[in-house]
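To start, the structure itself, in structure tokens.
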Amino acid sequence: MTEEFNEKCKIAQNDTLGRYVQACETIKAGEPILNESPILIVACSGDKRCSNCFRLTQSYCSKCSITPLCSNCRSHHLYDCNTLSLMSKKVQFENLRKNPDCYGLLKLFLLKENPDTAEYFEKILQLESHLDKRRNTTIWQEHNDKVVQPLLHCGMKEYFNYDDTLDEDFIQRLCGILDVNAYEIRAPDQEGIRGLYLNTSVITHQCNANANIAVDHQYRVKVYANRDINKDEAISTCYTNILLGTDERRRILQEGKYFHCTCNRCEDPTELGSHMSSFVCTPCMTANRNGIVVKKTTTENKYKWECMVCNHSMRDEQIKLILEKAKEEIYHARDDLKRYEILLAKLGRILHQNHYLMIDIKQNLANILRSIITSSMQRPGRCVYERKVRLCQELVMVLHIIQPGISRLKAIALYELANASAELYRLKFGEKELTDKELVTMLQRCEAMLREAARMLLYEPVQTPEGELAHAAMDELRDMLNDIKMLKEKIDEVN
């Protein structure tokens, strides 16, 4: 069911990280670290998904009456179905069906009951649950209402070999293990589901991680090095969105994983020079200086927002108010190209150009422009391509800083930059702004970008959107090389 780590890795332990994965020798960029199948896949909170194909469904197995099963799937795991069928006459499944989050816990109970999988359940119990940190919190109460009480009062306790251990704390512990250790993966409809991977769960977190995670169409995880990893270095992946600012990333990690991140990106006020949380200093801007306000740590281990040039400070309440208003405006501008552009210009006087909210707007703009460019109903002009190129250049620049190694986000941005640039150069050539030789030079730059994008995307599993994009990039690379060859032949004929 699961696989082992690359022989160049080992499980280590210390007081800071607990159990973690360590490199025994140098691991080269792109080298596989782990391939692993999930021990459990469950729906996200509130969703009801088929136990086989993980598509949304409202129907159940006709035999056991509790397992979600879509109309295209006639059966599910035989042991689970038979075990649950024996309970169906006495257990109150109706209440469990009203609380779909219970089914993930049922699958865990069945792992323990099945002699073939009982050993995996014991390994699951070794994973961190942060039970005491979760006790009496909002998530604790939510699980109590939607999972714990329905399971304890449905009458199934006597069917499981738990003696007296199947109580509220034990079920909350299992809920915590799932919440803390499961990875969000893509369902067939591209929405989120959760996969629990025993070995992958041991890999530690860094916001500037040295390893990437990719999930294929069979939900197998592939972990690979995104840069050279030195001997004795901890293997790390990023548990959250790298395009968020430090406070947002830390909040998500604290709320979901129960730790305060102290990686070098989080500890650096400039976020490694990306300035994804920085503000424009108004006094410096008035005086034509490039002042940047960053969040600094004081000697009392507190924080203050201060300009790196003139020491002008901003109150924390002022920062929070600006961000709240900006997020609200971004929400109301969704899918509106003109409103996004106006908002980008407005916020550009307050937020650093690389601030994560500015990056969010730029991504949204780039997506809208992609739809315009690829639509058969549109005839995009040169200004559309010029704007798309500028946006992609700015995104690539930020990604180069925060993910300098192999990066799927950077590869996608480079792919779109190469395509938009090539089309823009062809338009300029058609308008006599570029000569044949100049067009060849420009297309060769696009070729280099496409080649780099394809190189990074080829580490992704084939039957994924990123894997498919890798093949598209290879096809377009061949076409571009052919165009360059024909142009060179034309130039040679003229000469």
For Thr298, the net charge from surrounding residues (Cβ-Cβ under 11 Å; K, R +1; D, E -1) works out to +2
In cubic angstrom per residue, the convex hull of segment 363-494 built on its Cα atoms measures 116
For the chain, the longest principal axis of the Cα atoms and the Cα long axis of helix 465-494 enclose an angle in degrees, to the nearest 10, of 20
Taking Met474, Met442 and ranking on accessible area (1.4 Å, protein atoms only), highest first, one gets Met474, Met442
Between the alpha carbon centres of segment 19-72 and segment 340-406 the gap in Å comes to 34
The long-range amide H neighbours of Leu351, using H built 1.01 Å from N in the peptide plane and a cut-off of under 5 Å, are Val280
Quick tally, 1.4 Å probe accessible area for Val396, Val215, sorted with the most first, runs Val215, Val396
Put His76, His312 in order of accessible area, largest first, probe 1.4 Å, and you get His312, His76
Averaged per residue, the 1.4 Å probe accessible area of the chain, protein heavy atoms only, in Å², is roughly 50
As a Kirkwood estimate from alpha-carbon pairs, the chain has a hydrodynamic radius in angstrom of 25.9
With x for Gly and Pro, the residue-by-residue ³J(HN,Hα) of segment 456-461, computed from phi through the Karplus equation 6.51 cos²θ - 1.76 cosθ + 1.60 at θ = phi - 60° and given in whole Hz, is 6, 6, 5, 7, 7, x
Helix 102-113 sits off the longest principal axis of the Cα atoms of the chain, rounded to the nearest 10 on a 0 to 90 degree scale, by 60
Contour minus Cα-Cα span, Glu386 to Glu191, at 0.36 nm per residue, comes to 67.0 nm
With Cα coordinates, the longest principal axis of the chain makes an angle with the long axis of helix 356-374, in degrees rounded to 10, of 80
So the FRET efficiency between Glu128 and Cys44, C-beta based with R0 = 22 Å and rounded to 0.05, is 0.60
Reported to the nearest 10 Å², Thr374 has, with a 1.4 Å probe, an accessible area equal to 100
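The values are calculated or read from the model by the stated rules, or taken from the named source; none is laboratory data. Computed from a predicted model, the values in this text were never measured in an experiment. All Cβ positions, glycine included, derive from the backbone under ideal geometry; neighbour counts span all protein chains shown. Just the protein is used for accessible areas: all its heavy atoms, side chains included, with ligands, DNA and RNA removed. Shrake-Rupley method; radii C 1.70, N 1.55, O 1.52, S 1.80 Å.
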